[in-house]
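The values are calculated or read from the model by the stated rules, or taken from the named source; none is laboratory data. Just so we're clear, the structure is a prediction, and the values are computed from it rather than from any experiment. Counting neighbours? That spans all protein chains shown, and the Cβs are built from the backbone with ideal geometry, glycine included. Heavy atoms of the whole protein, side chains included, go into the accessibility calculation; ligands, DNA and RNA do not. Shrake-Rupley method; radii C 1.70, N 1.55, O 1.52, S 1.80 Å.
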Amino acid sequence: MSRTRTALLAALALVAGASGTALAVVPGDVGIAAVPCTVDYKVQNQWDTGFTTAVTITNNSAAKSSWSLKWSYAGNQKVSNFWNSKISQSGTAVTAANESYNGALATGGSVSFGFQGTYSGTNAVPTTFTLDGVTCNVDGGGPTDPGPTDPGTPGTGTRVDNPYTGAKVYVNPEWSANAAAEPGGSRIANQPTGVWLDRVAAINGAGGKMGLRAHLDEALKQKGSGELAVQLVIYDLPGRDCAALASNGEFGPTDIDKYKTQYIDPIAAILADSKYASLRIVTTVELDSLPNLVTNVSPRNTATPNCDTMKSNGNYIKGVGYALNKLGDVPNVYNYVDAGHHGWLGWDDNFSATVQTIKQAATAEGATVNDVHGFITNTANYSALKEPYYTINDSVNGKSVRESKWVDWNRYVDELSYAQAFRQEAVSQGFPSGVGMLIDTSRNGWGGSARPTGPGAKTDVNTYVDGGRIDRRLNTGNWCNQSGAGLGERPQASPAAGIDAYVWIKPPGESDGASSAVPNDEGKGFDRMCDPTYTGNPRNNNNMSGALPNAPLSGHWFSAQFQELMKNAYPAL
C-alpha cells in the first residue's frame, strides 16, 4: 500500500506541475494535492517488545533553518533511544526536532533520523505527520513492509578483497574540528580516523555528538562518485576489557542480552539500510577483550578476577560471535577482529592460543569464519611498526636478543612482523586464505630527538637492544597516554604483504584514560596504568607506567598529548 500511494502522489504532482496549476492540500484527499512535505516512516526491525524505526522527511516548501515533526501513536509505543534528532514524548504525542548540525532543510531537501522504541500488543504505523504545523503525506512502511533496511534483507553492496583499495576513507568532522583547532593541527586534520561506538548512547549521538546515521550520511557526501570506506569501532561487550579499569564499559558481566538487543541489533539495522549500500563499512570488532581470555586468566600471575569471570561465563565469546554474525550479514560490512599487539601476544604460549580463542568466537552464535574479513593489531597502542636496527635473530656475546629485558623472550620485535605472522597462523587454523590485516599506526611513530639513528652498542644484549629500539616505552605492556609517543605512518592502503592498510583507528589526541580518578556517567574507572606515579604490576614487569600527567577520561580530548604526538611524528610532519 505505501509504495502505491507514494507513486500515485508523485504522478499527481507531475500532472499539477505540467498544468501549471497551484493546488491546495486537502488532508486525507490524495486526489489533487501539491504536497508540501513527505514523511517516510519505516519500521526497520521489530521483536516482541521493541522496534527500530527510520524516518525521512522531504521538504517541498520554502527552505527551513530548523524543523519540528509531530505525530501520535494509536497504541502504547514509547520512544526510548533516538539519533539525529531530539525526540520528546507526552502520552501518545511525539515531537522530533532537529539537532544543531541538521537543521537546514532546503526546498526539495531531505533529512533522516531514527529511534528505538518499546510496545506491547500491536505496533501500528502513525497515520498523520505535521512538519512545523503543516500536514505531510505519509509513506507508511511498517512491519509488513520492512523494505531493504530489514536486517533479514540487507543492502545490495558487494564485498571486495580489500575495502581500502581504490577508496577514500571517511574523515570524522568532529575529530577533524578538534585537530584543526590545535596549533599546527591543520597539517593532519584531513586524515581519516575511526568512529568509536563505545556505548549505546554513541549510536544515537547523545551529548550533541553525531550519531551513527549522521556519520554515514556525512560519509555519503564525502564519497561523491568514487568509493569510500568508513571505519567503525564496535566496543561495548559485557564486562568489557576486564583487565583495564579505564576502558570498562556500561554493561555488566552478565548483560549479554542487553548487548545483543540494545547495542548490536540497532547498529546492524542502521548498517543494513540500503541507503548506505554503496559505502565500504569497516568494523573493528571488540578491542582487547578476547586476548584477555588468553593472558589474564588463572592460573597466570597476570590473572584478574574480572577476566576469570568472563572466561567462565562465556559472554566475550558469545558477544563477539553475535556481533560477527549480525554485522557479517550486511554485504558491504567488513569485520576485522582485534588481535592485540606483539608486546601482548607475541610469546609462544599466547600467539596460537589467541587465534584459537578468536576462532571459537567466530564460530559461536551463528557466526562462521567467513564473517571475518581480517584482523587488526596495535589498536590504540604504541608498538613500533618496524624495528630497523635489530632483529629477533640477532645475538650479542652469545646471547639472543630474546634474552634482553626489553624483548623478554617474545618471538616478535615489531608490529609488521607480528601482523604478518598472525595472518599466517589464522589461515593455518582455518580462517579464509584471503584474510587481511590492519595495523593502527596512529601513535607508534616514536620520532623526535629520542629516536635512535642506528644500532645500540654491542656491550651486552640489553645495551644493544635499548640503544637501537625505536619504541621508547619503559615496557611493551605500557599502554596509557605514553610519554614521548608520536604519530606513525599516515593511513594508506596495501602498504606491505598481507596488510590491507595502515589505519588511524584510535583518533590521535583522544585520551586513553584519566591520570587520576574522575567521577563520570560513562562507566569508566580509574586505572593506575594511566597514573604517571604508578610503579607497575606483573603485566608490565613492575615498571613505571610512562603515562602523561593531567589526562582526561578515555575518549576525551587531550591537547597536551595531541601536541606531543605531532612533535614526535615519524615520518615527521
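Values as computed for the structure displayed
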| item | result |
| --- | --- |
| Members of the stretch 282-312 found to be open to solvent by 10 Å² or more (accessible area, probe 1.4 Å), assigned to a helix (DSSP H, G or I) and touching a Gly at 6+ places or on another chain (Cβ under 8 Å), listed by number | Asn306, Thr309 |
| Neighbours by Cβ (under 8 Å, 6+ apart or cross-chain): first from the stretch 208-219, closer than 14 Å to Trp175 by Cα; second in a helix (DSSP H, G or I) and among the polar types (S, T, N, Q) | Gly211/Asn204 |
| Ile358 vs. criteria buried (at least 24 other Cβ atoms within 10 Å of the Cβ), within 22 Å of the chain's Cα centre (by Cα) and part of a strand (DSSP E or B) | no |
| Given (1) open to solvent by 10 Å² or more (accessible area, probe 1.4 Å); (2) at pLDDT below 95; (3) closer than 21 Å to Met566 by Cα; (4) not hydrophobic (A, V, I, L, M, F, W, C), index of the condition Pro519 fails | (3) |
| Complete set of residues in the stretch 167-181 that are assigned to a helix (DSSP H, G or I) and either in contact (Cβ under 8 Å) with a residue 24 or more places away in the chain or crowded, with 20+ Cβ neighbours inside 10 Å (or both) | Pro173, Glu174, Trp175, Asn178, Ala179 |
| Residue match in the stretch 489-499 (condition: at pLDDT 95 or above, closer than 29 Å to Thr302 by Cβ and assigned to a loop (DSSP other than H, G, I, E, B)) | no |
| Selection count where residues are open to solvent by 50 Å² or more (accessible area, probe 1.4 Å), over 20 Å from Asp440 (Cβ atoms) and touching a residue at least 60 places away in the same chain (Cβ under 8 Å), scope the stretch 182-207 | 2 |
| Top-ranked residue of the stretch 425-443 - restricted to ones that are open to solvent by 10 Å² or more (accessible area, probe 1.4 Å) and touching a residue at least 24 places away in the same chain (Cβ under 8 Å), ranked as nearest to Arg528 (Cα to Cα) | Glu425 |
| Some residue of the stretch 373-385 being open to solvent by less than 20 Å² (accessible area, probe 1.4 Å) and either among the charged types (D, E, K, R) or more than 25 Å from Leu487 (Cα to Cα) (or both) | no |
| Residue within the stretch 460-483 that is surrounded by fewer than 16 Cβ atoms within 10 Å (Cβ to Cβ) and part of a loop (DSSP other than H, G, I, E, B) present | yes |
| Residue in the stretch 241-261 that is most open to solvent (accessible area, probe 1.4 Å), counting only those that are in a loop (DSSP other than H, G, I, E, B) and touching a helix residue (DSSP H, G or I) at 6+ places or on another chain (Cβ under 6 Å) | Pro253 |
| Selection within the stretch 81-108 - within 20 Å of Pro266 (Cα to Cα), free of Cβ contacts under 8 Å to residues at least 60 places away in the same chain, open to solvent by less than 60 Å² (accessible area, probe 1.4 Å) and outside any loop (DSSP other than H, G, I, E, B) | Ile87, Ala96 |
| Residues of the stretch 449-478 satisfying the condition of being of a type outside the set (D, E, K, R) and under 22 Å from Gln191 (Cβ atoms) | Ile470 |
| Check on Ala229, farther than 26 Å from Gly523 by Cα, in contact (Cβ under 8 Å) with a residue 40 or more places away in the chain and open to solvent by less than 30 Å² (accessible area, probe 1.4 Å) | yes |
| Yes/no for Ser61 being touching a Ser or Thr at 6+ places or on another chain (Cβ under 8 Å), part of a loop (DSSP other than H, G, I, E, B) and closer than 23 Å to Gly108 by Cα | yes |
